[in-house]
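K.L.:
The structure follows.
The values are calculated or read from the model by the stated rules, or taken from the named source; none is laboratory data. Because the structure is predicted, anything quoted here is derived from the model rather than measured. Cβ placement follows ideal geometry from the backbone for every residue including glycine, while neighbour counts extend to all protein chains displayed. For the accessible areas, the whole protein counts, side chains as well, though only heavy atoms, and no ligand, DNA or RNA atoms are used. Shrake-Rupley method; radii C 1.70, N 1.55, O 1.52, S 1.80 Å.
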Amino acid sequence: MNVTDPIHYLRKERNRLLGLTDWEMIKALETGVNSDALKEYRQALRDLPSTASPSLDENGQLTGVTWPTKPE
(Lines give C-alpha, C1' and ligand atoms only; values in the text may rest on other atoms or scores of the structure.)
Protein backbone atom coordinates (compact mmCIF):
# COMPACT_ATOMS: atom_id res chain seq x y z
CA MET A 1 0.00 0.00 0.00
CA ASN A 2 1.19 3.47 -0.84
CA VAL A 3 1.83 5.49 2.33
CA THR A 4 0.60 8.63 0.57
CA ASP A 5 -2.78 6.96 0.10
CA PRO A 6 -5.37 8.50 2.47
CA ILE A 7 -6.86 5.07 3.22
CA HIS A 8 -3.48 4.07 4.69
CA TYR A 9 -3.73 6.89 7.24
CA LEU A 10 -7.38 6.14 7.95
CA ARG A 11 -6.62 2.49 8.68
CA LYS A 12 -3.60 3.39 10.80
CA GLU A 13 -5.66 5.73 13.02
CA ARG A 14 -8.62 3.35 13.06
CA ASN A 15 -6.37 0.51 14.23
CA ARG A 16 -4.87 2.74 16.92
CA LEU A 17 -8.34 3.62 18.22
CA LEU A 18 -9.42 -0.03 18.18
CA GLY A 19 -6.29 -0.94 20.12
CA LEU A 20 -7.12 1.63 22.79
CA THR A 21 -10.44 -0.12 23.46
CA ASP A 22 -9.18 -3.72 23.44
CA TRP A 23 -8.65 -3.76 27.21
CA GLU A 24 -12.12 -2.31 27.79
CA MET A 25 -13.73 -5.10 25.77
CA ILE A 26 -11.76 -7.75 27.63
CA LYS A 27 -12.70 -6.21 30.99
CA ALA A 28 -16.39 -6.04 30.00
CA LEU A 29 -16.37 -9.66 28.88
CA GLU A 30 -14.64 -10.80 32.07
CA THR A 31 -16.96 -8.88 34.38
CA GLY A 32 -20.23 -9.23 32.47
CA VAL A 33 -20.65 -5.47 32.12
CA ASN A 34 -22.92 -4.38 29.25
CA SER A 35 -20.61 -3.51 26.38
CA ASP A 36 -23.17 -2.89 23.61
CA ALA A 37 -22.19 0.77 23.14
CA LEU A 38 -18.51 -0.12 22.97
CA LYS A 39 -19.25 -2.90 20.48
CA GLU A 40 -21.16 -0.44 18.28
CA TYR A 41 -18.28 2.05 18.47
CA ARG A 42 -15.74 -0.59 17.50
CA GLN A 43 -17.94 -1.77 14.62
CA ALA A 44 -18.28 1.81 13.37
CA LEU A 45 -14.47 2.07 13.41
CA ARG A 46 -14.13 -1.18 11.47
CA ASP A 47 -16.70 0.08 8.92
CA LEU A 48 -14.84 3.34 8.26
CA PRO A 49 -12.84 2.25 5.22
CA SER A 50 -16.10 1.59 3.38
CA THR A 51 -18.12 4.51 4.79
CA ALA A 52 -15.60 7.37 4.62
CA SER A 53 -14.14 9.37 1.75
CA PRO A 54 -10.67 10.10 3.10
CA SER A 55 -8.32 12.56 1.50
CA LEU A 56 -5.17 14.38 2.51
CA ASP A 57 -5.08 18.16 2.72
CA GLU A 58 -2.13 20.27 1.57
CA ASN A 59 -0.42 19.61 4.94
CA GLY A 60 -0.81 15.84 4.65
CA GLN A 61 -3.56 15.74 7.29
CA LEU A 62 -6.41 13.28 6.90
CA THR A 63 -9.76 14.86 6.05
CA GLY A 64 -13.13 13.57 4.89
CA VAL A 65 -13.55 11.19 7.83
CA THR A 66 -16.24 11.48 10.49
CA TRP A 67 -14.87 9.52 13.41
CA PRO A 68 -17.41 7.82 15.67
CA THR A 69 -17.62 9.07 19.25
CA LYS A 70 -16.28 6.72 21.86
CA PRO A 71 -18.87 5.91 24.52
CA GLU A 72 -18.15 6.75 28.14
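K.L.:
Select from PRO54, ILE7, ILE26 the residue farthest towards the positive end of the dipole of the chain; place +1 on Cβ of Lys and Arg, -1 on Cβ of Asp and Glu, and compute about the Cα centre.
P.N.:
Checked the options; the winner is ILE26.
K.L.:
With angles folded into 0 to 90 degrees, how steeply does helix 36-51 sit against the dominant principal axis of the chain? Use alpha carbons for both and round to 10.
P.N.:
For helix 36-51, the angle is close to 20 degrees.
K.L.:
Let me ask you something else. Evaluate the relative contact order of the chain (contact order divided by residue number), counting alpha-carbon pairs under 8 angstrom at least 6 apart; express in whole percent.
P.N.:
35 percent
K.L.:
How much of the accessible area of the chain, in percent, comes from carbon and sulfur atoms when a 1.4 Å probe is used? Walk me through the numbers before you get to the answer.
P.N.:
Values: 2550 of 5090 Å².
Within the chain, the accessible surface is 50 percent carbon and sulfur.
K.L.:
With charges set only on the Cβ (+1 for Lys and Arg, -1 for Asp and Glu), what does the dipole of the stretch 1-58 come to about its Cα centre, in debye to the nearest 20?
P.N.:
Working: 8 positive and 10 negative charges, 35 e Å.
Using only the charged Cβ atoms, the result is roughly 160 debye.
K.L.:
Same structure, new question: Could you do me a favour and compute the accessible area per residue for the chain, 1.4 Å probe, result in Å²?
P.N.:
Values: 5090 Å² over 72 residues.
On a per-residue basis, the chain sits at 71 Å².
K.L.:
Compute the acute angle (0 to 90°) between the alpha-carbon long axis of helix 6-31 and the principal axis of greatest extent of the alpha-carbon atoms of the chain; round to the nearest 10°.
P.N.:
Between the helix axis and the principal axis of the chain, the angle is about 0 degrees.
K.L.:
Please grab the % of Cα pairs in the stretch 1-50 that end up more than 17 Å from each other.
P.N.:
Numbers: 512 of 1225 pairs.
Tail of P(r) above 17 Å: 42 percent of Cα pairs.
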